[in-house]
Amino acid sequence: MARTFTHQEIREKYERMARWYDIGEGIPEVLGLRRLRRALLAGASGDVLEVAVGTGKNLPFYPADCRITAVDLSPSMIETARRRAKRLGRPVDFHVQPAEALTFPDGRFDTVVSSMSLCTFPDPVQALREMARVCRKGGRILLLEHGRSDREWLGRWQDRRADRHAETLGCHWNRRPVELIEKAGLTPVRIRRFFLGIFHMIEIVV
Ligand SMILES: C[S@@+](CC[C@H](N)C(=O)[O-])C[C@H]1O[C@@H](n2cnc3c(N)ncnc32)[C@H](O)[C@@H]1O
């Protein structure tokens, strides 16, 4: 089992990766991730918090009337997201802060969004609890995550390479998003899986 990284270690990894992140992720985006992002964010409305916004890859897909606040641990990832928001002409209120200890009051947001992030959070269950805390009752948490495939041959292959992958990218690619959500005391109302069961699109009503 790969060790868990500290916030400082994760921040350092993404500070180093920020310049190359969009190039490295370009192929999966074109092969279908972009389509999944669009489908996920069609469900966002009102005051939205995006947790672990990264370089802002979701920003083009929010409905025009969403008011967006976004957080991430890495100032350099946020800097790229800020430039993207500017290019899109989208006002976004950015903050550097950890997902596990958000500074926003209870029930502040109508929608909370996070993508490709449960794999990197040092404490994903606590991060999910925080997402639920800052989401109003009846609001939605929308997640697009990758995790361990439900095809056993592929899941085992991910398991064998998980430690090495985590050391390089800080990403635990064999985590199980649905189990993490249940541990956080939340119940998904919809789960869809794509790409050999690796990608999960999950909707939770708080
Ligand atoms: C794999 S990237 C995903 C970025 C973006 N959400 C996307 O869909 O492309 C993971 C991001 O999570 C951020 N991150 C990791 N741990 C975090 C934490 N505990 N709190 C806030 N951000 C975190 C990293 O800095 C990085 O920007």
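The values are calculated or read from the model by the stated rules, or taken from the named source; none is laboratory data. Here the structure is a predicted model, which means the values were calculated and not measured. Using ideal geometry, Cβ is built from the backbone for each residue, glycine included, and neighbour counts are taken over all protein chains shown. Quick note on the areas: whole protein, heavy atoms, side chains included, nothing else; ligands and nucleic acids left out. Shrake-Rupley method; radii C 1.70, N 1.55, O 1.52, S 1.80 Å.
For segment 74-170, the equivalent ellipsoid derived from the Cα gyration tensor has semi-axes of 28, 19, 13 Å, listed largest first. Straight-line cross-link partners of K13 among the aspartates and glutamates, defined as a Cα under 14 Å from its Cα and at least 8 positions apart when in the same chain: D72, E167. Using the 1.4 Å probe convention, the accessible area of the chain works out to 49 Å² per residue with neighbouring protein chains retained. Using the empirical formula 2.2 N^0.38 Å as the baseline, the Cα radius of gyration of segment 1-116 reaches a ratio of 1.06.
Taking N as the residue count of the chain, its C-alpha radius of gyration divided by 2.2 N^0.38 Å amounts to 0.95.
Near L196, once Lys and Arg are set to +1 and Asp and Glu to -1 for all other residues with Cβ below 14 Å from its Cβ, the sum equals +3. Only aspartates and glutamates eight or more places from K86 in sequence, or on another chain, were considered; none has a Cα closer than 14 Å. Normalised by the number of residues in the chain, the mean separation of alpha-carbon contacts (under 8 Å, six or more apart) gives a relative contact order of 20 percent.
Full extension of the chain between W157 and I27 gives 44.7 nm of extra length, using 0.36 nm per residue less the Cα-Cα distance.
Spin-label model, S45 to E182: label points 7 Å out along the Cα-to-beta-carbon direction sit 3.0 nm apart. What the phi angles of segment 128-143 give under the Karplus curve with 6.51, -1.76 and 1.60, with θ = phi - 60°, is a coupling list of 5, 4, 5, 4, 5, 4, 7, 8, 5, 4, x, x, 10, 9, 10, 10 Hz, glycine and proline written as x.
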